[in-house]
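Laboratory data are not the source of any read-out in this text; all were calculated from the coordinates shown. All of these numbers come straight from a predicted model, not from anything done at the bench. So basically every Cβ, Gly included, is an ideal-geometry build from the backbone, and we count neighbours across all protein chains shown.
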Amino acid sequence: MTAIVQTEKLTRRFGDKISVNQVDLQVPPGSIYGFLGPNGAGKTTTLKLLLGLLRPTAGSIRIFGERMPEERISVLRQVGSLVESPSYYGHLSGFKNLKIAADLLDLPPQSVKETLELVRLSQDAHRPVKEYSLGMKQRLGIAIALIHKPRLLILDEPTNGLDPAGIQEIRNLIKELPTLYGSTVLVSSHLLTEVEQVATHVGIINQGQLIFQDEIDVLRQQSSPVMLVELEQPAAAYQSLRNQGWRVERNHHTLTIPIQHSKDKARLFQHLQSFSILNVQEKKKSLEEIFIEWTGKGNSL
């Protein structure tokens, strides 16, 4: 299956700084690809490279199998994007803003109405955009990117700064697009919970390097089980496990021990029997915990 977006050793320097470092993206058709990384990791720069807004220092880009930026005009006719803040005329209504976009793309008037319905702005279509909430402005920006029913939609941090209701609206909209339009969605975010809830595939970028790329379920499978063991003698058990080379953390009476192999579990319990086990719980790491482990940064960035 040919990737909708494919890069090879994509690199971008700004002076002595390497912002994007030999990135090999593979975005499957029909996927919602979550492009995850801390602020400053190189997400926005990568998206600008894909859209031809920046030229790569090295490497190659193919979108729909066509080379970028050489085939930029034909490629971008099939791409919608919202990178950084949406552009609109604040004194005009949402309807008129979208009508301008439709006229520029030589689209029928019906496309304006349909797109406003899709992003749930029909009731506010004739209000000036300057009166819109931040979430409504974001939805208008997505509407402008969507009005020509693109094969690929690129969104850069679309939920940034939104309240919970606004985040839910954008999340639901993104989930609908592959089914409604057959679109592939490439969405960047530093919000781990957002990626986990909408993405079918994920790429993690850190300090300009792509450190993981696959289906999101494969990422979840990367995590090893963690045993939470409550003991009557936690201090002695903690020290004993440390002496035996186990990785272990202590919180009051509970020890947290990662398990790499199934046989380790039996070895662990045999070792801890003499320290009076009170309770045992097994859990797997969340996507956020994996992300922190790999990048050293959490959800509040």
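Using a cutoff of 8 angstrom between alpha carbon atoms and counting only pairs six or more residues apart, the relative contact order for the chain works out to 20 percent. Restricting attention to the stretch 95-181, the count of lysine pairs at 8 or more positions apart or across chains with alpha carbons under 24 Å apart stands at 15. Computed from label points 7 Å out along Cα-Cβ, the spacing between N172 and H126 is 2.5 nm. Highest mobility in the GNM of the chain, judged by mean-square fluctuation with C-alpha springs under 10 Å and restricted to T115, T193, T179, is found for T179.
Peptide packing: for 15-23, 285-293, 245-253, the average count of neighbouring Cβ atoms within 10 Å per residue gives the ranking 285-293, 15-23, 245-253, highest mean first. Put in order of Cβ neighbour count within 10 Å, fewest first, the listed residues Y33, Y238 become Y238, Y33. Applying 0.36 nm per residue to the separation of T57 and I211 and subtracting their alpha-carbon distance, the gain on full extension is 53.4 nm. Taking θ as phi - 60° and the Karplus parameters 6.51, -1.76 and 1.60, the scalar couplings of the stretch 67-78 work out to 6, 10, x, 4, 9, 4, 5, 5, 5, 5, 5, 10 Hz in sequence order, x denoting glycine and proline.
Cross-link partners of K263 among lysines, defined as those whose alpha carbon lies under 23 angstrom from its own and excluding same-chain residues fewer than eight positions apart: K283, K284, K285. Springs between Cα atoms under 10 Å define the GNM used for the chain, and in it the highest mean-square fluctuation of P28, P69, P164 occurs at P164. A Förster distance of 30 Å, applied to the separation of the beta-carbon atoms of A235 and T193, puts the FRET efficiency at 0.25. Here mean projected area of the Cα convex hull in nm² was calculated from the structure, and among (1) 19.6; (2) 14.5; (3) 17.7 it sits at label (1).
By how many nm would the segment from S262 to I100 lengthen if fully extended, with 0.36 nm per residue of separation less the alpha-carbon distance?
Numbers: separation 162, 0.36 × 162 = 58.32 nm, distance 6.09 nm.
This chain segment gains 52.2 nm when fully extended.
Comparing mean-square fluctuations of Q244, Q110, Q207 from a GNM of the chain with C-alpha springs under 10 Å, the top value falls on Q244. Each peptide in 185-192, 93-100 gets a packing score, the mean of other Cβ atoms within 10 Å over its residues, and the list from highest to lowest is 185-192, 93-100.
Computed from backbone phi with θ = phi - 60° and the Karplus coefficients 6.51, -1.76 and 1.60, the 3J(HN,Hα) list for the stretch 194-207 is 5, 4, 4, 8, 10, 7, 9, 9, 9, x, 10, 10, 9, 6 Hz; x is used for glycine and proline.
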